[in-house]
């Protein structure tokens, strides 16, 4: 029984491939690659001659059986276009299938654009939420942003250059004019780490934009905690409007910076 190795590859600078990743790519019997052309550049650079098969969004299901069959007799390495497989690429299905069939999974540490951008952003790194790529259609993208606009953790998005302005516009409209870091072409010759407000980013990137982009956005600001008198008054307004005690506590707590339990207990205190 073979092992499926999850092998991160450089997001730009080829020297970022780890020594361990190099050894695995040399020793496995097969490499499953999101883009065989990108894989060929990497393998040629390091003089590797391991067989490669394609595994991408539009053939991922039809290729599963072949890759699982290869795992019956030897080790397989999974690589993406760049960075860590399984994040915003089709690697998840193969990893899940290998687990279901009982094959060992060995993840290697290595390059990840999201973390590289986060630690250089100057925004809080203690807690964060990785969103990945937002939907391409305007309405779906706006609904996705509505769902995270109250998230207080730092937000990380991937975005294509031709959608950057539309995404920044929706971010400002829905989430407010927050601090942002636009990380472009990470680890490459024209790497850019731009920091400022979303409005300033819209001005800065108003022309042609090239390269892969990571957006690191400040979380929602802490809301001011309401006083007890203000919460009592808001609860009474909800109750007078026909809301149940449970619904009133939930609605007011969301606005007041209180927990639902605190609001509910205040409602029933003397």
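What follows is calculated from the coordinates using simple rules that are stated; it is not laboratory data. As the structure is a computational prediction, the values presented were derived from the model and not from experiment. In this analysis, Cβ positions are derived from the backbone assuming ideal geometry, glycine residues included, and neighbour counts consider all displayed protein chains.
Full-extension gain between residue 236 and residue 92, please, as 0.36 nm times their residue separation minus the C-alpha to C-alpha distance.
That works out to 46.9 nm of additional length.
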Could you check which residue among 225, 141, 184 shows the biggest mean-square fluctuation in a GNM of the chain with a 10 Å Cα cutoff?
-> 225
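When DSSP assigns beta bridges and you keep just the ones with both residues in the chain, what percent turn out antiparallel, to the nearest 5? Please report the intermediate quantities before stating the final value.
Numbers: 17 of 35 bridges.
Here the share of antiparallel DSSP bridges comes out near 50 percent.
Output the Kirkwood hydrodynamic radius of the chain, Cα pairs only, in Å rounded to one decimal.
Values: mean 1/r = 0.0465 Å⁻¹.
Over the chain, the inverse of the mean reciprocal pair distance is 21.5 Å.
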Tell me, what is the percent relative contact order of the stretch 97-242, built from C-alpha pairs under 8 Å that lie six or more residues apart?
-> 26
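Would you list 140, 212 from fewest to most Cβ contacts within 10 Å?
In increasing order of surrounding Cβ atoms, one gets 140, 212.
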If you line up the long axis of helix 138-148 against the longest principal axis of the chain, both from Cα atoms, how many degrees apart are they, to the nearest 10?
-> 70
Give me the distance between the Cα centres of the stretch 191-251 and the stretch 149-179, rounded to whole Å.
-> 12
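Normalised by the residues of the chain, what does the relative contact order come to in percent, with Cα pairs under 8 Å and at least six apart? Present the calculation step by step, with values, prior to reporting the outcome.
Details: 466 pairs, mean separation 45.7, N = 270.
Value for the chain: 17 percent.
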Relative contact order (percent) for the stretch 72-112, with alpha-carbon contacts under 8 angstrom and 6 or more residues of separation?
-> 33
Using 7 Å Cα-to-Cβ label points, what is the residue 245/residue 190 separation (nm, one decimal)?
-> 6.4
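With r as the distance between the Cβ atoms of residue 208 and residue 62 and R0 = 35 Å, compute the FRET efficiency 1/(1 + (r/R0)^6) and round to 0.05. Mind dumping the intermediate values first?
Details: r = 37 Å, r/R0 = 1.06.
According to the calculation, E is roughly 0.40.
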Mind giving me the nanometre distance, one decimal, between the label points for residue 100 and residue 229, set 7 Å out from Cα along Cα→Cβ?
-> 6.1
